[in-house]
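What follows is calculated from the coordinates using simple rules that are stated; it is not laboratory data. Everything numeric in this text was worked out from a predicted model, so none of it was measured. Here Cβ is always computed from backbone atoms with ideal geometry, including for glycine, and neighbour counts include all displayed protein chains.
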Amino acid sequence: MTNASIAGVGATKYYRRGRSLPRSVLELAVEAITAALADAGLSVRDVDGFANYGGGLDTARLAQCLGVPEVRFTATQQGGSGGCPGSLGIAAAAIHAGMASVVVTVNSIQQAAYRLGRGDSTSGPYTAGTTSDLDFVMPYGLVSPAHKYAMIAHRHMHLYGTRREHFAEIAVSTRANAIRRPTSVMTKPLTVEEYLSARMLSDPLCLYDFCLETDGAVAIITTSAERARDLRQRPVRIIAVESGGEGQHSPIWAWAASPEDYFTSAAHGAVARRLWDRSGLSPDDVDVALLYDHFAPMVLFQLEDYGVCKKGEGGPFVADGNIRWPDGALPVNTHGGNLSEGYIMGITHILEGVQQIRGTAVNQVPGAQVALVTGAPASIPMSAALLGPER
Amino acid sequence: MEVAFAPGMAVLHPDGTTQPFWDACRRHELVYAACTSCGAVRMPPASVCPACGEAPLTWNPATGLGSVYSFTIARQSFHAQIDDYVPYVIAVIALDDALVRLISNVVSVTLEEVHIGLPVQVVWDDVSPEIVIPRFEPRRG
């Protein structure tokens with residue numbers, strides 16, 4: 001158990017890609033942070049730390065705009081959205097070490113000048129690469145994350161009989177959750193038939209396997225468990241948080257040569273094992289799972305990586321209705337996820353985890369005591385957190 | 001030659017470690033890096049062996065034969081240099097020679113024909129005298 005708790009959360013509205021203009025990325029971030037501080041009952045004068053991921057923001061400019069008197073701590077996870085919940089670990093570590101007392105984690109995104117899914121973006125967190133390693137990837141037109149995850153999904157289908165209908169269940173159930181929420185970009189139900197007849201973008205991935213492209217910002221305020229007890233909201237304890245991944249197989253080109261079990265996974269195995277070991281909890285203890293969904297099949301593979309179901313059985317597991325809210329064994333992405341609510345590089349998953357533990361979620365899992373929040377299946381660092389109520 | 005694919009993507013940035021691979025490609029030779037000491041495959045090449053910690057690597061010739069380990073049919077272009085080349089097949093190719101898998105393309109193939117396990121052989125895309133890219137086509141006959 002860490003001795004840090006989440007005291008506040010805040011968000012802007014979620015806009016379709018580019019629709020947040022002429023507002024700036026910084027302006028969106030400030031709005032979300034201000035809302036999160038108000039939620040916590042804290043002032044910007046209490047903030048002394050920043051712990052980010054996914055490229056982060058310029059702390060100097062952010063602190064200046066917010067009116068933070070003094071920054072004592074600022075750090076950003078390497079990599080992209082894999083490190084999303086891991087940023088809570090950085091915050092908790094800083095608080096534990098006495099290096100910060102009130103830490104902001106924020107993601108603010110505006111996909112107007114660039115698009116994350118493209119291979120030729122010249123700005124944004126993922127710019128077109130020119131390295132000797134990428135020479136083994138780029139000349140073949142493997143330029144989008146979609147291409148990589150499509151090949152992983154294809155091999156999983158080949159080995160385990162996983163079908164597009166299984167991926168459809170993820171897209172359809174996530175959409176059903178989203179349309180109940182006023183924050184969601186997607187507002188109409190999705191049927192299995194619509195999914196199966198959708199345009200293929202990178203076989204076996206179709207349009208509805210892809211996450212949304214949206215603009216917006218979300219902020220999380222972390223402080224010591226002791227301080228959080230005296231603040232406005234019911235505190236949400238960071239039970240455990242783990243980052244990283246297997247050293248030999250993580251980069252995209254090494255992943256191609258990794259062992260079969262690893263190739264057909266979400267690459268979260270190492271993080272998952274440490275999360276259960278260090279928390280003393282098991283998948284059976286989890287009441288709601290907010291699993292990073294850049295591509296629908298990767299939700300299925302995370303269910304396997306985290307031991308919610310056995311390797312290769314993710315397809316039948318979801319087909320049996322197990323991830324449905326409210327009656328499934330483990331409701332997944334009750335907020336509508338990156339697929340249907342909004343894509344803010346995964347931080348909406350933390351927001352939903354907090355609301356589930358507070359008991360204030362729109363699609364509330366009754367009495368939720370443990371929420372699992374994961375970052376993207378990606379290169380190192382990947383990460384995950386377990387959230388629970390203060391006891 | 002026939003296999004040309006998106007020449008705008010065939011821009012290389014070799015360093016001292018990867019240069020021998022691309023030099024061999026110019027000679028139409030497919031090679032893979034392995035540890036001189038323990039034999040562990042190091043592809044893409046690395047200057048130090050992650051298996052035994054010894055430094056020297058050696059370049060072994062590959063037969064150029066392999067099979068499709070997994071693949072995707074890229075129907076949507078996510079890069080301006082590829083807009084005129086969709087749909088195309090990206091594949092993980094498992095070489096027959098050793099525990100080597102490469103990312104490449106399957107070319108000279110109908111989309112319906114591509115499947116996991118499809119036997120393939122290397123074919124050379126001579127983009128320019130300096131740049132030659134290995135791609136794969138089905139083994140026929």
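For a protection proxy built on the mean count of beta-carbon atoms within 10 angstrom, sort A:302-308, A:16-22, A:336-342, B:17-23 highest first, please.
Averaged packing, sorted descending, gives the order A:336-342, A:302-308, B:17-23, A:16-22.
Under a point-charge model restricted to the Cβ atoms of Lys and Arg (+1) and Asp and Glu (-1), what is the dipole moment magnitude of region A:1-101 relative to its Cα centre, in debye to the nearest 20?
About 440 debye.
How big is the gap, in Å, between the Cα center of region A:43-118 and the Cα center of region A:213-242?
A separation of 13 Å, based on Cα centres.
Check A:Ala240: other-chain or 5+ apart residues with amide H under 5 Å from its amide H, H built from backbone geometry?
So A:Ala240 has HN proximity to A:Thr2, A:Leu386.
Just counting partner chain Cβ atoms within 10 Å, what average do the residues of peptide B:64-74 show around their Cβ?
Taking the mean over all residues of the peptide, I get 6.
Could you run the Karplus curve 6.51 cos²θ - 1.76 cosθ + 1.60 with θ = phi - 60° over region A:105-111 and give me ³J(HN,Hα) per residue in whole Hz, x for Gly and Pro?
Calculated HN-Hα couplings, in order: 10, 9, 10, 9, 9, 9, 8 Hz.
Once each part is reduced to its C-alpha centroid, what is the distance from region B:19-83 to region A:300-338 in angstrom?
Computed from Cα coordinates, the inter-centre distance equals 36 Å.
Per residue of B:78-88, how many C-beta atoms from partner chains lie within 10 Å of its own C-beta, taken as a mean?
Average per residue, whole number: 4.
Ignoring everything except DSSP H segments at least 4 long, calculate the 222 nm mean residue ellipticity for chain A; use -39,500 (n - 2.57) per segment, divide by total residues, nearest 500.
So the helix-based figure for chain A works out to -9000 deg cm²/dmol.
Expressed as an acute angle from 0 to 90° and rounded to the nearest 10, what is the orientation of the C-alpha long axis of helix A:25-40 relative to the principal long axis of chain A?
Between helix and principal axis, roughly 60 degrees.
Along the charge dipole of region B:63-141, which of B:Val107, B:Ala80, B:Gly117 sits closest to the positive end, that is, farthest toward it, with unit charges on the beta carbon of Lys, Arg, Asp and Glu (+1, +1, -1, -1)?
B:Gly117
Please report, in debye to the nearest 20, how large the charge dipole of the protein assembly as shown is about its Cα centre when each Lys and Arg carries +1 at its beta carbon and each Asp and Glu carries -1 there.
1220 debye
Treat every Asp and Glu Cβ in region A:73-227 as -1 and every Lys and Arg Cβ as +1, leave all other atoms uncharged, and give the resulting dipole magnitude about the Cα centre to the nearest 20 debye.
300 debye
Placing +1 on the Cβ of each Lys and Arg and -1 on the Cβ of each Asp and Glu in the protein assembly as shown, which of A:Val9, B:Val48, A:Ser379 has its Cα farthest towards the positive end of the resulting dipole?
Sorting the options by dipole projection puts first A:Val9.
Name the residue from A:Thr122, A:Thr74, A:Pro326 whose Cα lies farthest towards the positive end of the charge dipole of the protein assembly as shown, charges +1 on Cβ of Lys and Arg and -1 on Cβ of Asp and Glu.
Of the candidates, A:Pro326 comes out farthest on the positive side.
So what J values fall out for region A:138-151 if you push phi through Karplus, 6.51 cos²θ - 1.76 cosθ + 1.60 with θ = phi - 60°, rounded to Hz, Gly and Pro as x?
So the Karplus estimates, Gly and Pro as x, are 5, x, 9, x, 7, 10, 10, x, 4, 4, 5, 5, 5, 5 Hz.
Ranked from highest to lowest mean number of other Cβ atoms within 10 Å per residue, what is the order of the peptides B:48-56, A:324-332?
A:324-332, B:48-56
After finding the eigenvalues of the alpha carbon gyration tensor for region B:15-61, what semi-axes result from the square roots of 5 times each, listed largest first in whole Å?
Taking √(5λ) for each Cα gyration eigenvalue gives 19, 10, 7 Å.
Order these peptides, B:127-137, A:189-199, by their mean beta-carbon neighbour count within 10 angstrom, highest first.
B:127-137, A:189-199
In deg cm²/dmol, rounded to 500, what helix-only [θ] at 222 nm does chain B give when every DSSP H run of at least 4 residues adds -39500 (n - 2.57) and the total is split over its residues?
Per the formula, -1500 deg cm²/dmol.
Residues in region B:84-117, backbone N under 18 Å from the label point at B:Arg140 (7 Å along the Cα-to-beta-carbon vector): list them, ranges by number please.
Only B:106-115 fall inside the zone, counting backbone N under 18 Å.
Read phi for every residue in region B:120-136 and hand back ³J(HN,Hα) as whole Hz from Karplus 6.51 cos²θ - 1.76 cosθ + 1.60, θ = phi - 60°, with x for Gly and Pro.
Karplus values, whole Hz, x for Gly and Pro: 9, 9, 5, 9, 9, 9, 7, 5, 7, x, 8, 10, 10, 10, x, 10, 10.
Give me the inter-chain shielding for A:257-266: mean count of other chain Cβ atoms within 10 Å, whole number please.
Per residue, the number of nearby Cβ atoms from other chains is 2 on average.
What residues have an amide H closer than 5 Å to that of B:Asp125, excluding those fewer than 5 places away on the same chain, when H is modeled at 1.01 Å from N in the peptide plane?
HN-HN under 5 Å from B:Asp125: B:Ile133, B:Arg135.
Based only on other Cβ atoms within 10 Å, what is the fewest-to-most ordering of B:Tyr85, A:Tyr292?
With the sparsest Cβ surroundings first, the list reads B:Tyr85, A:Tyr292.
At q = 0.12 Å⁻¹, what log₁₀ I(q)/I(0) does the protein assembly as shown have when each alpha carbon counts as one equal point scatterer in the Debye sum?
With one equal scatterer per Cα and no solvent, log10 I(q)/I(0) is -1.10.
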